[in-house]
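Undergrad: Structure in structure tokens, see below.
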Amino acid sequence: MEPKLTWIEIQDHIGWIKINREKKLNALNRDLINQLHQGLLDFQNDPNVRVIILTGNGDKAFVAGADIAEFSSYTPEQASLLTREGNQVLFDFVANMEKPVIAAINGYALGGGLELAMACHLRIAAEHAKMGLPEVSLGIIPGYGGTQRLPALVGRGRAMEMILSGDMIGAEKAYQWGLVNRVVPGDQLLEAAISMAERMMKNAPQSLKNAIKAINAADGTPKGFENEGILFSSCFGTEEFNEGITAFLEKRKPKF
Ligand code: CAA
């Protein structure tokens, strides 16, 4: 394993993961994917961590994609394994984390990099960030969930345009299209991510977990509604429920 491709730290209940492969624009190779998985898993299991912020080192790239050199000679069978394993240990894993994961997009988020940002629950972009799914220019298509998550965020027409052209869009357009939640000047990116994290951390952790689950299962069918009902009712009678409801009735702030 390449050493230290991620920088991991906990500060004030925020779990920080900084991708640290700057010379290769933080491109995702196998080791990096595994190190990200381990960091996320540790944060998932650590009750001291309430929200996770994922960002890239430097101001040039969040992640410039899957590592093209690594898969350049793959067969279809190897590619199939790559996408299945990658989704399992990183992309779907992030999307299904039980704590909010915020992507702080500090530069290029391309291919697997944008797919990683889209797997996060929220995205904040630096003004200079550029986003795109350029895979068709390499003779492939997005393989880490991009054809599924992009239409869900920006709509089918815009997703078609981005994926079929392979062109990048800037942060402002990404905001207008609903691809990112906020755009801020680059030097305020981490501060903005912390302030978003703080807004979530005042809420009940179990409720955040159930809300993420319910939203992830939203598919507009009766099943999605039924699932929401199950998760909604499972909040009742919990310690957090008692604290949240009692605090409201006693006209004070809850302590979760
Ligand atoms: N994989 C491997 N290496 C990468 C990389 C990637 N995705 N992106 C950048 N790098 C490497 C470059 O090869 C270069 O390495 P060397 O210095 O050793 O030559 C280094 O990072 C710096 O990159 P550039 O010199 O290219 O920097 P630039 O400023 O000229 O260009 C860029 C920046 C426009 C982002 C350009 O690097 C680029 O186009 N990168 C590739 C983007 C891309 O196609 N991403 C999709 C990958 S495929 C994918 O993600 C598949 C999937 O869905 C599963």
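Undergrad: Could you count how many residues in the range 58-98 are more than 13 Å from the ligand (Cβ to nearest atom) and open to solvent by 30 Å² or more (accessible area, probe 1.4 Å)?
TA: The initial filter retains those residues of the range 58-98 that are more than 13 Å from the ligand (Cβ to nearest atom), namely 73, 75-77, 88-89, 92-98.
Subsequent filtering for residues that are open to solvent by 30 Å² or more (accessible area, probe 1.4 Å) retains 73, 75-77, 88-89, 92-93, 96, 98.
Number of matching residues: 10.
Undergrad: If you don't mind, another one. Would you confirm, using the coordinates I've provided, whether Phe62 is touching a residue at least 60 places away in the same chain (Cβ under 8 Å) and aromatic (Phe, Trp, Tyr)?
TA: On the way: touching a residue at least 60 places away in the same chain (Cβ under 8 Å): yes; aromatic (Phe, Trp, Tyr): yes.
The answer is yes for Phe62.
Undergrad: With respect to Lys24, determine if the residue is surrounded by fewer than 18 Cβ atoms within 10 Å (Cβ to Cβ), within 10 Å of the ligand (Cβ to nearest atom), over 18 Å from Ala125 (Cα atoms) and modelled with pLDDT of 95 or more.
TA: yes
Undergrad: Checking the conditions here, which among Ala125, Ala117 is of a type in the set (A, V, I, L, M), in the same structural domain as Ala192 (by TED's automatic domain parsing), at pLDDT 95 or above and more than 15 Å from the ligand (Cβ to nearest atom)? Outline the logic, then answer.
TA: Details: Ala117 fails: more than 15 Å from the ligand (Cβ to nearest atom).
Among Ala125, Ala117, only Ala125 is of a type in the set (A, V, I, L, M), in the same structural domain as Ala192 (by TED's automatic domain parsing), at pLDDT 95 or above and more than 15 Å from the ligand (Cβ to nearest atom).
Undergrad: Please go through the range 114-135 and give me each residue that is under 10 Å from the mean Cα position of the chain (by Cα) and either farther than 11 Å from Val63 by Cα or not hydrophobic (A, V, I, L, M, F, W, C) (or both), ordered by number.
TA: Across the range 114-135, the qualifying residues are Glu115, Met118, Ala119, Cys120, His121, Leu122, Arg123.
Undergrad: Still on this structure, I have one more. Quick check on this structure: which one of Gly111, Gly157, Gly145, Gly139 is on the phi > 0 side of the Ramachandran plot and either in contact with a Cys (Cβ under 8 Å, 6 or more places away or on another chain) or open to solvent by 40 Å² or more (accessible area, probe 1.4 Å) (or both)?
TA: Within the list Gly111, Gly157, Gly145, Gly139, the selection yields Gly139.
Undergrad: Continuing with the same structure: Of all residues in the range 167-183, count the ones that are open to solvent by less than 30 Å² (accessible area, probe 1.4 Å) and either within 16 Å of Ala119 (Cα to Cα) or among the aromatic types (Phe, Trp, Tyr) (or both).
TA: Qualifying residue count, the range 167-183: 3.
Undergrad: Only residues that are at pLDDT 95 or above and more than 20 Å from the chain's Cα centre (by Cα): list them for the range 187-231, please.
TA: Asp187, Lys202, Ala204
Undergrad: Within the range 40-57, take every residue that is without any contact (Cβ under 8 Å) to a residue 60 or more places away in the chain and crowded, with 22+ Cβ neighbours inside 10 Å and give me the one that is farthest from Gly132 (Cα to Cα).
TA: Step by step, filter the range 40-57, then rank; the result is Phe43.
Undergrad: Do we find that Ser207 is in contact with an Asp or Glu (Cβ under 9 Å, 6 or more places away or on another chain) and of a type in the set (Ser, Thr, Tyr) in this structure?
TA: yes
Undergrad: Something else: State whether one or more residues within the range 35-51 are over 17 Å from the mean Cα position of the chain (by Cα), more than 27 Å from Asn203 (Cβ to Cβ) and modelled with pLDDT of 95 or more.
TA: no
Undergrad: If a residue counts only when it is open to solvent by 60 Å² or more (accessible area, probe 1.4 Å) and closer than 23 Å to Gly15 by Cβ, which helices (runs of 4 or more DSSP H) contained entirely in the range 196-256 have at least 3 such residues?
TA: Per the criteria, 205-216.
Undergrad: Let me ask something additional. Please state which of the following conditions Thr147 fails to meet, knowing it meets all the rest: (1) within 12 Å of the ligand (Cβ to nearest atom); (2) modelled with pLDDT of 95 or more.
TA: So the condition that Thr147 fails would be (2).
Undergrad: Given the conditions (1) near the ligand (Cβ under 9 Å from one of its atoms); (2) touching a residue at least 24 places away in the same chain (Cβ under 8 Å), report the number of the one that Leu153 does not fulfil.
TA: Result: Leu153 fails condition (1) only.
The values are calculated or read from the model by the stated rules, or taken from the named source; none is laboratory data. This one's a predicted model, so the numbers in the text were calculated from it and none came from an experiment. All Cβ positions, even for glycine, are placed from backbone atoms using ideal geometry, and neighbour counts span all protein chains on display. We work out accessible area using only protein heavy atoms, side chains counted, and drop any ligands, DNA or RNA first. Shrake-Rupley method; radii C 1.70, N 1.55, O 1.52, S 1.80 Å.
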